[in-house]
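The values are calculated or read from the model by the stated rules, or taken from the named source; none is laboratory data. Treat the numbers as computed from the prediction; the structure is a model and nothing was measured. With ideal geometry, Cβ positions are generated from the backbone for all residues, glycine too; neighbour counts draw on all protein chains shown. Areas reflect the complete protein model, heavy atoms only, side chains present, ligands, DNA and RNA absent. Shrake-Rupley method; radii C 1.70, N 1.55, O 1.52, S 1.80 Å.
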Amino acid sequence: MNVPTLLLGITGASGSIYAKRFLQYAKERVFEVELIVTKTGEAVLRHEGCEDILQNCGKIHKIDDFFAPPATGSSGYYGMVILPCSMGTLGRIAAGTSDNLLIRAADVCLKESRPLVLVPREMPFNEIHLENMLKLKRAGAAIIPASPHFYKHPKNLEELADTVVEKVFSNFLHFL
Ligand SMILES: Cc1cc2nc3c(=O)[nH]c(=O)nc-3n(C[C@H](O)[C@H](O)[C@H](O)COP(=O)(O)O)c2cc1C
């Protein structure tokens, strides 16, 4: 890999616009992005009108393909962002199930000490969600909730979403 390649996981939480903006950001910063999308992730991103994500990225790995490069630590990915991250996927990563390629890829990042950023979106959080987040933070993941801010006076949804994406990126770049 000549340029740093990131993995972007998209799950069935609301907030596909974050993934769309993340792809744009990564492109502008000369990162290559490979995608892993869960079944519900694809349904929700179509529901939210962001299906163009599936055309505008590099490689898309099949969710059940454990022979794909993200499934192994020998592949040289820089790290992984899961954006948006459902509570279901977050719980399965915390439990170490590795039962689809997205969850396995996150597990690989943790075992190889590579950056793993989870962007959960749910409200309110229940005790199980909070315990899973604490567990993952302690295991080496960064937890950056999809909590956009307003103090830069965003003029549209894209600018609002960017307040989260910028935070994800700056956290990620810390490791470079
Ligand atoms: C329109 C829609 C919005 C959803 N939003 C959320 C959400 O914001 N957070 C969440 O944790 N789950 C949300 N869900 C539920 C998840 O999609 C569901 O738990 C699913 O099993 C997650 O699967 P995945 O983690 O494999 O993508 C939503 C479902 C739908 C249909």
With the requirement that a residue be exposed (fewer than 11 other Cβ atoms within 10 Å of the Cβ) and closer than 17 Å to residue 15 by Cα, what does segment 151-176 give you? 156
Filter segment 23-54 down to the residues that are assigned to a helix (DSSP H, G or I) and either of a type in the set (Lys, Arg) or over 22 Å from residue 120 (Cβ atoms) (or both), then identify the one that is most open to solvent (accessible area, probe 1.4 Å). 39
If you take the residues in segment 115-139 that are under 14 Å from residue 82 (Cβ atoms) and assigned to a loop (DSSP other than H, G, I, E, B), which one is least open to solvent (accessible area, probe 1.4 Å)? 115
Would you point out the residue of segment 83-112, among those that are of a type in the set (A, V, I, L, M, F, W, C) and near the ligand (Cβ under 9 Å from one of its atoms), that is nearest to residue 148 (Cα to Cα)? 85
Sole exception among (1) of a type in the set (Lys, Arg); (2) within 9 Å of the ligand (Cβ to nearest atom); (3) under 13 Å from the mean Cα position of the chain (by Cα) for residue 20, by number: (2)
Looking only at residues that are of a type in the set (A, V, I, L, M, F, W, C) and touching a strand residue (DSSP E or B) at 6+ places or on another chain (Cβ under 7 Å) in segment 41-57, which one is farthest from residue 27 (Cα to Cα)? 45
State whether the residues of segment 76-92 include one that is of a type in the set (S, T, N, Q) and more than 15 Å from the chain's Cα centre (by Cα). no
Condition broken by residue 98, with the remaining ones in (1) modelled with pLDDT of 95 or more; (2) of a type in the set (Ser, Thr, Tyr); (3) outside any loop (DSSP other than H, G, I, E, B) satisfied: (3)
All positions within segment 12-58 that are closer than 21 Å to residue 167 by Cβ, modelled with pLDDT of 95 or more and of a type in the set (D, E, K, R): 20, 21, 48
